[in-house]
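Written out below as structure tokens is the structure these notes cover.
Please treat every number below as a calculation from the coordinates, not as lab data. All values reported here derive from a predicted model rather than from experimental measurement. Here Cβ is always computed from backbone atoms with ideal geometry, including for glycine, and neighbour counts include all displayed protein chains.
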Amino acid sequence: MEIGRAAASGPDSPPTQASLDRYDAGDRDYATLVAHGSRVTYREWIDLNNERERSRLKWRDYFANVDVLLTPITPTTAPPHDTDRLFGERTIVVNGAERSILEQWFWAGLANPSYLPGLALPVELAPDGLPVGMQVLGPFMGDLLTLRFGELAEAVLGHPIHALHDRL
């Protein structure tokens, strides 16, 4: 096993040939994605980076007429703490259906690869008592605009997180 391959796979066990083979066969579960990511060639990285740059151009065009984009932060409130399973094996329940924990990060994934500033704001408390929030996305280099929107939104929405702290 190559040192670089083991280091790129993170704290879980290094990728096995079996997980690399599953990726080649079309499997896209977490372990196979990690395994594939640890063996991406420079040419593949260049192709992926070009895709990122095309996405950034689309976001630039979008924000030419829009100040900020409001999205959910995640599809659920905080999931139960689960250390019994590897990260890629963990699940959450969304609208009564069991889903991969990886889906929690869908909305954050809109901003991160394209270098957009994002701000998470608690909006209210859900029936389970946990905070529900919104994500504010701004244009590239629009950090101050995004933060200013957050200040204005907080002035209107108040501080729902204080209610949660008061109960603790």
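For the reader, a short list of remarks on this structure follows.
- Trypsin sites (Lys or Arg not before Pro) within the stretch 63-165, DSSP loop, no more than 15 other Cβ atoms inside 10 Å: ARG85
- Computed from the alpha carbon atoms alone, the convex hull of the stretch 66-167 holds 125 Å³ per residue.
- Loop-resident GluC sites (Glu not before Pro) (DSSP state other than H, G, I, E or B) in the stretch 89-156 with no more than 12 further Cβ atoms inside 10 Å of their Cβ are absent.
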